[in-house]
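The values are calculated or read from the model by the stated rules, or taken from the named source; none is laboratory data. Every value quoted in this text rests on a predicted model; they were computed, and no experiment measured them. Counting neighbours? That spans all protein chains shown, and the Cβs are built from the backbone with ideal geometry, glycine included. With ligands, DNA and RNA removed, areas are computed over all heavy atoms of the protein, side chains included. Shrake-Rupley method; radii C 1.70, N 1.55, O 1.52, S 1.80 Å.
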Protein chains: 4
Amino acid sequence: MEPISFGSDNHSGVHPEILEMINAVNRGHVVAYGDDHYTKEAEKLIRKQFGEQAAFYPVANGTGANVLSLKSVTTSYNSVICPNTAHINTDECGAPEHYTGCKLEAVETMDGKLRPQQIEAALSGRHDEHHNRPRVVSITEATELGTSYTPEEIRRLADTAHKNGLVLHMDGARIANAAAFLDVPFSALTTDADVDILSFGGTKNGMMMGESIIVLNPELDKEMKFIRKQGMQLASKMRFLSAQFIAYLTDELWLENARHANKMARLLAKLVRDVPGVEIAWPVEANGVFARIPKAVIPELQKQFFFYIWDEEKGIVRWMCSFDTEESHVREFSQAIRFACETYEKEN
Amino acid sequence: MEPISFGSDNHSGVHPEILEMINAVNRGHVVAYGDDHYTKEAEKLIRKQFGEQAAFYPVANGTGANVLSLKSVTTSYNSVICPNTAHINTDECGAPEHYTGCKLEAVETMDGKLRPQQIEAALSGRHDEHHNRPRVVSITEATELGTSYTPEEIRRLADTAHKNGLVLHMDGARIANAAAFLDVPFSALTTDADVDILSFGGTKNGMMMGESIIVLNPELDKEMKFIRKQGMQLASKMRFLSAQFIAYLTDELWLENARHANKMARLLAKLVRDVPGVEIAWPVEANGVFARIPKAVIPELQKQFFFYIWDEEKGIVRWMCSFDTEESHVREFSQAIRFACETYEKEN
Amino acid sequence: MEPISFGSDNHSGVHPEILEMINAVNRGHVVAYGDDHYTKEAEKLIRKQFGEQAAFYPVANGTGANVLSLKSVTTSYNSVICPNTAHINTDECGAPEHYTGCKLEAVETMDGKLRPQQIEAALSGRHDEHHNRPRVVSITEATELGTSYTPEEIRRLADTAHKNGLVLHMDGARIANAAAFLDVPFSALTTDADVDILSFGGTKNGMMMGESIIVLNPELDKEMKFIRKQGMQLASKMRFLSAQFIAYLTDELWLENARHANKMARLLAKLVRDVPGVEIAWPVEANGVFARIPKAVIPELQKQFFFYIWDEEKGIVRWMCSFDTEESHVREFSQAIRFACETYEKEN
Amino acid sequence: MEPISFGSDNHSGVHPEILEMINAVNRGHVVAYGDDHYTKEAEKLIRKQFGEQAAFYPVANGTGANVLSLKSVTTSYNSVICPNTAHINTDECGAPEHYTGCKLEAVETMDGKLRPQQIEAALSGRHDEHHNRPRVVSITEATELGTSYTPEEIRRLADTAHKNGLVLHMDGARIANAAAFLDVPFSALTTDADVDILSFGGTKNGMMMGESIIVLNPELDKEMKFIRKQGMQLASKMRFLSAQFIAYLTDELWLENARHANKMARLLAKLVRDVPGVEIAWPVEANGVFARIPKAVIPELQKQFFFYIWDEEKGIVRWMCSFDTEESHVREFSQAIRFACETYEKEN
């Protein structure tokens, strides 16, 4: 049997209601490549969340959503300012640089969250043609470190970006978890906070596959269809992507899923917070717990539970919860952590 | 109600057995990005078809399969010799050129099929650095014009390619239809014919989405995982792609589907062949019928039936059949064609 | 001793007045990368020729001028309509495709010259995201086949391009030869004919190295400095490029050089036109002569004179004249051709 | 009159002997694109310096040399480890990322010099396809901060690189200054130290324009001609580049020039070292002096002397010396610095 997984929110499967919708749209012939009524219905639901100006482009995956978002607002001599922990900087095999030609100007942060003054700092200095011309600020909500920007923080980043002629992109692979944590609608973190373009994900929150780009600033919605097709992200039988978004956005399924995952993460953090040798690295503001634990206990724990080491050098591990993480597993896991750490402490 | 569609084999939905398998694998957590046992199972079935040396890389879609296949065997100053009707040349928004940097050397053909002497001709002339250096021959099986290469024809192309230091790539978006038409296994058209790398598709034959690259020549299987990830084609919950291949390759579902689609195409061709004003443009060797018909009857027919004009100038239309095309619809369609053409003839 | 060369107009060296100017500007320190007064002076001379709106960007070579011109007006999903004989299509090792990502839509012509209706034809058909979106028409003046567009012909191409939302680019590697042939100023072929962007060359007409981009349509002059630098075309000691343009544009040196080269080409054509077996392939409207000659005589002639075979299959050779081609050499060459062909005829 | 320039070693002109050679090769017609005897002669001189296995490719400029060197040994999913002060990282408008597709893994250093353990550190961590695969270590000799690696230091970097399957690239824009400082031949810093590929520059040391790539490891010399042509770096009248290298490598002109520039830099450093408020930032091991000086004195000094601020925040300026920097100017400059700083100190 596979060990219980706190490895990633994409180790989970598909939420039953989403799978049901996939099954439901499997009827007859419809036009391919997005000219179908399911996609139109999904688009309507997107606009209900993000406003009437929002343009919705389902794509194949999250890397595709991020890279094509950036591609659509840049030219090759631009640069993208982002935290150095950004997924685009660390986990996409250089796809952003390769596909857009842009340099990533990766900035060190305390907690995965960029600050307005860091944008200003990245912009200072020589502005001539020997250097890339900055064009985008990219932030992740919730961040790769499990923290979340507040709407106000996002707006201040947007203001700083816009004041300097830059575009604000949000990697929203876990935006549902942030919205659930902050108890706000998607729009509060995006449209209302003046985000320009969003990678809107659902796979980590119960969808099967396929993510999307939502262009919130209509001035930037230029020929995205060409970018998506040339970017190898256009699904032929698109109804099966759109169906997922329909189910996801109906009856707040997204919120229910995200709330559960977040709750499990908070529970886990709470249960291990006082374990000797355990230190929670960053505030638990989404569905992940990052903790420093004694390196020696990690291999033993990994025999029973699946999780990743986040920072080998600093001894930080990452425990991710999902829409289907069971409370009993969280409790079981926390007990195993406690046992391992206490044993370790006694022996050392 | 939507008109009955002969528009494309990707207007159809998903074959029930494939959808069932997708539902079946939705159990618990498994590791993401292909390190799961479903993907291993799919790989086994692939190797049963294509030989033990075959390496299997599920990707997001057919454009991705083609472009990354080419990328994996080229560098930017290479060129790709292909028929000018090739999907990579006409229908991928320039993704092959953009992503690989290569020039496509598109060669005119009678019937969508490249001949060995055309490879030789494309190679003659100056070989210095002012010209791209040819590196790949790319053919489509079955072709975009509904014809199929025989195993012997493929082998001769492979021989010519290899003799000249080139690689043979096959776009197999409809390889099942060719195999069904020729009544041979996949391996006869690929491994045994010395094809080096294959875009192995299933979406047009009953799968939901996701295609694959199969590297048949192990010497060319260099770090494809990096190419796939950077190429924005790596699915996180890959089990849902692999599940489709499992169902597709079990109990010859692929063959059953392709045979049906081919049969419907042949039936349609047979029923309209003697209609006045109708001329079948190319031999019906897969699931598509291409016909010259009087331009004037097209708009009327398109009100009842969905299909595309293939060549505006020459008045050629394309009628595609699918795994779920119903015989009654084919008959109905053929009668409508006959009626429209006969009426037109009388009036003119 | 090297054989007398009719191989290429870039087999010649540098015109003495240009070399003298290079020597003259070698005084003291000046700011690098084009912020020097020599470059400003060259720019003034350029504006005198092309109008006050013209923006001047010296670059490293002709391929650089062409590729960055195209890059500056396209994005990766665009395409470029050009004659199939265009230098960008045949002699730049795929640099245009690789660097811009665009597809070249190469059109067959009779004489190297594109016609307006060919632009229209290339634009017809499907306009959706499955195909590249055309954005540029690129023509060469004088053409690679030694013919020249008249100002009126260029204007009609510009009108057709603009009417369809396209940009007109001119590869002016030999624009001086066309202007000399037509007896018009540069502006008649460019600014006044509504060309948008020009690769303005001089190397083939007596300069040492370095070509330039001239943006004639100010709306398209967007951040070209960044494109040039990132495109590896920015010279540090730019005064030595600018000096060449200063000499070239002073006292009509360009015209004197081009007139001479053209005159030599016309003389050569005149002297061999009646030779048995020789057929001039295209009108001699610049400094090159293209001729069909008996294939058998080519090797013997190449022992004494350097020239290239243009089209192996059709038996067409190319004889290029330069600013320093000597009349005696032309006469000597024509006699050798006559002797070889007459001897061949007698023996066969 | 222009202020005396300590702005850059490329503000200087061309050394008279180099210009003389350019004039000398301007005789008659020779084959273009490097198939001429001057280029062969330059190549011989290169091989005398770098060994018989060295392959010599003149290119248009230093960015071209660096970018094409990297391109020739990488594929798009690779990464390049370099100091964060590397010219490729800071001053090439993102050309390396854009043209190679690779990520630059820029490492912080004390003095512009990479250490072997920093390579090891950059290689540790996850090695899967989510991250770029490191392929090159790139160092600059002399560094952008005016320091020089010893032969032994270079060899240790090469060993570390090779042990890990990486290639060592050297940006040798100022390799002459390093060789002069260390009193070793070029080969000691390159061939003998196991450098694989070198950007060999001369423009900053008295040449006019044009730099070169020298492939030292013959296994890596694969179709560089195609890379150079497609990379827009192939000069047609190449003899005028080659001539410069001939003069540069004859009678140790390179050494004489570099020695002079270095001497002027050392003199300047010596003369200002004890000025109150002045602190030499890094050892003066080439032809540049980097100094912290009171920010307030900079504008006044810049009125009389041309130089750049290197680090606005830290108040570091850069003073570059050239092959033609006059000792009297250095003394004059040092007095002005002393005067300005002493005046500033008194007043504050």
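General observations
- For segment A:19-63, residues shielded by at least 40 square angstrom of accessible area compared with the chain on its own, probe 1.4 Å: A:L19, A:N23, A:N26, A:H29, A:V31, A:Y33, A:N61
- Distance from segment A:309-348 to segment B:275-348 (C-alpha centre basis), Å: 65 Å
- Across segment D:253-347, the mean sequence separation of Cα contacts (distance under 8 Å, 6 or more residues apart), normalised by length, yields a relative contact order of 36 percent.
- In plain terms, the bigger the Kirkwood radius, the slower the diffusion; for chain D, with that radius from Cα pairs, at 37 °C and 0.692 mPa s, Stokes-Einstein puts D at 157 µm²/s.
- Euclidean distance of C-alpha centroids, segment C:38-86 and segment D:193-221, integer Å: 29 Å
- Cα→Cβ-extended label distance, 7 Å offset, between B:H37 and C:K270, nm: 9.0 nm
- Here segment A:253-347 exposes an accessible surface that is 49 percent carbon and sulfur, computed with a 1.4 Å probe and the other protein chains kept in place.
- The residues of segment B:184-228 have, on average, 25 Å² of accessible surface per residue, using a 1.4 Å probe with all protein chains present.
- Prolate/oblate/rounded call for segment B:71-165, Cα gyration tensor, a/c under 1.5 rounded: oblate
- Accessible surface ranking that places the most exposed of C:H131, D:H260 first, with a 1.4 angstrom probe: D:H260, C:H131
- Taken across both chains, chains B and C shield about 1600 Å² of accessible surface from a 1.4 Å probe.
- Zero-based 10 Å bins, Cα pair distances in the protein assembly as shown, whole percents: 2, 8, 15, 20, 20, 16, 11, 6, 2, 0, 0
- Build a GNM of chain B with springs between Cα atoms under 10 Å apart, and of B:G101, B:G288, B:G62 the one that fluctuates most is B:G101.
- For C:W282, nonlocal amide neighbours, meaning residues 5 or more places apart or on other chains whose placed amide H falls under 5 Å from its own, are C:F290.
- Computed accessible area, C:Y344, all protein chains, 1.4 angstrom probe, square angstrom: 80 Å²
- Per-pair calculated FRET efficiency, R0 = 56 Å: C:R47 and A:M110 via Cβ, rounded to 0.05: 0.55
- In percent, rounded to a whole number, the relative contact order of segment C:15-251 is 31, using alpha-carbon pairs under 8 Å and six or more apart.
- Where the Cα pairs of segment B:36-96 fall when distances are cut into 5 Å bins, in %: 4, 15, 20, 19, 18, 12, 11, 3, 0
- Förster-model FRET efficiency, 56 Å R0, C:E219 and B:A24, C-beta, rounded to 0.05: 0.45
- Kirkwood hydrodynamic radius over Cα pairs of segment A:308-348, then Stokes diffusion coefficient at 4 °C and 1.567 mPa s, in µm²/s: 109 µm²/s
- Shape class of segment B:278-334 from the Cα gyration tensor (axes a ≥ b ≥ c, square roots of the eigenvalues): oblate, since a/c reaches 1.5 or more and a/b does not exceed b/c.
- Shielding by partners for peptide A:77-83, expressed as the average number of C-beta atoms from other protein chains within 10 Å of each residue's C-beta, is 3.
- Here the accessible area is traced with a 1.4 Å probe on the protein chains. For segment B:114-226, carbon and sulfur cover 48 percent of it.
- Relative to one another, the C-alpha centroids of segment A:127-147 and segment D:161-180 are positioned 31 Å apart.
- Calculated label separations, C:R331, copies of the chain, 7 Å along the beta-carbon direction, nm: 6.5, 8.9, 11.0
- From most to least packed by mean Cβ count within 10 Å, the peptides A:163-172, A:51-60 give A:163-172, A:51-60.
- Shielded residues, segment C:219-262 - accessible-area loss of 40 Å² or more between chain alone and all protein chains, probe 1.4 Å: C:E223, C:F226, C:K229, C:Q230, C:M232, C:K237, C:F240
- Residues of segment D:314-333 that lose at least 40 Å² of accessible area (1.4 Å probe, protein heavy atoms only) when the other protein chains are present, relative to their chain alone, do not exist.
- The rule of thumb for compact globular proteins, 2.2 N^0.38 Å, goes into the C-alpha radius of gyration of segment B:2-127 1.39 times.
- Between C:K295 and B:E17, the distance separating the two model label sites (each 7 Å from Cα on the Cα→Cβ line) works out to 5.7 nm.
- Chain A versus the axis that turns it onto chain B: the residue with the nearest Cβ and the distance in whole Å amount to A:A60, 2.
- C:R338 contributes about 70 Å² of solvent-accessible surface, heavy atoms of the protein only, 1.4 Å probe.
- In the structure shown, the pairs A:K163/D:K103; B:K225/D:K163; A:K225/D:K71; B:K225/D:K222; A:K229/B:K225 are assessed against 27 Å; a Cα-Cα span above that value is assigned to A:K163/D:K103; A:K225/D:K71.
- Radius ratio Rg over Rh of segment D:214-325, counting only Cα atoms, Kirkwood formula for Rh: 1.14
- C:T147 accessible area, 1.4 Å probe, all protein chains in place, Å² to nearest 10: 0 Å²
- Accessible area per residue for segment B:253-347 is 48 Å², calculated with a 1.4 Å probe on protein heavy atoms, without ligands, DNA or RNA.
- Accessible surface computed residue by residue for segment B:7-61, with neighbouring protein chains in place and a 1.4 Å probe, gives 40 Å² per residue.
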